[in-house]
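The values are calculated or read from the model by the stated rules, or taken from the named source; none is laboratory data. All values derive from a computational prediction rather than experimental measurement. Glycine also receives a Cβ, built like all others from the backbone with ideal geometry; neighbour counts cover every protein chain displayed.
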Amino acid sequence: MTRASVQQRRNEHGAVLSAISNGMVALLKDYYGVGPTQAKTYYHDDLVVCVLRGGFTRVEQTLLDGDRGRAVIEQRMAFQEVMRQRFEAVVQQATQRPVIGFMSGNQQNPDMICEVFVLAPTDLVEESEIRAAAEARTEAANS
């Protein structure tokens, strides 16, 4: 592989990472009214991890200050599940690969959001499991 082709692959990989980070920040900003102040995305093999910092709303910060952090975490987890398809779309568009797994986590001190995506193809999941999960999501959406 030539230096030029190695550099081109690095540039393309960097563009994918930036697209995911920027897309996740934009979604959170659009729906929360404030967005994370920092974002960093990792992408290797069939795994994408996006770590975001900052962006608590005034209501959330008030709850945190009043020792109601559990309520903030629960609300954010519910929000992230509702946003699942939008988050997956950001990753799918950037990587040009289907998302077959999405997990989300939050913590308060230091404040961090972690979004984890598993992409197809992968040797972690059988093709029959992927099909069954897709059928179940379609069935649930049509109910």
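Tabulated data for the structure shown
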quantity: Pair list, Cβ under 9 Å, 6 or more apart: region 9-34 residue more than 20 Å from Met112 (Cβ to Cβ) and in contact (Cβ under 8 Å) with a residue 40 or more places away in the chain, other residue part of a helix (DSSP H, G or I) and not aliphatic (A, V, I, L, M); calculated: Val16/Thr95; Ala19/Gln93; Ala19/Thr95
quantity: Qualifying residue in region 81-89 (condition: in a strand (DSSP E or B) and either crowded, with 17+ Cβ neighbours inside 10 Å or not acidic (Asp, Glu) (or both)); calculated: no
quantity: Long-range neighbours under 9 Å by Cβ, at least six apart or interchain, first residue of a type in the set (Asp, Glu) within region 78-102, second surrounded by fewer than 17 Cβ atoms within 10 Å (Cβ to Cβ); calculated: Glu88/Pro98
quantity: Residue in region 1-41 that is surrounded by the fewest Cβ atoms within 10 Å (Cβ to Cβ), counting only those that are outside any helix (DSSP H, G or I), touching a Ser or Thr at 6+ places or on another chain (Cβ under 7 Å) and modelled with pLDDT of 90 or more; calculated: Lys40
quantity: Criterion (closer than 17 Å to Tyr42 by Cα and either of a type in the set (D, E, K, R) or in contact with a Lys or Arg (Cβ under 8 Å, 6 or more places away or on another chain) (or both)) met by exactly one of Arg97, Arg68, Arg86; calculated: Arg97
quantity: Residue match in region 52-72 (condition: hydroxyl-bearing (Ser, Thr, Tyr) and crowded, with 16+ Cβ neighbours inside 10 Å); calculated: no
quantity: Whichever residue in region 92-143 is assigned to a strand (DSSP E or B) and of a type in the set (Asp, Glu) and, among such residues, is surrounded by the most Cβ atoms within 10 Å (Cβ to Cβ); calculated: Glu115
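To keep it simple, each residue is scored yes or no on (1) farther than 24 Å from Ala120 by Cβ; (2) touching a helix residue (DSSP H, G or I) at 6+ places or on another chain (Cβ under 9 Å).
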residue	(1), (2)
Met1	yes, yes
Ser18	no, yes
Ser21	no, no
Lys29	yes, no
Val34	yes, yes
Thr41	no, yes
Cys50	no, yes
Phe56	yes, yes
Glu60	yes, yes
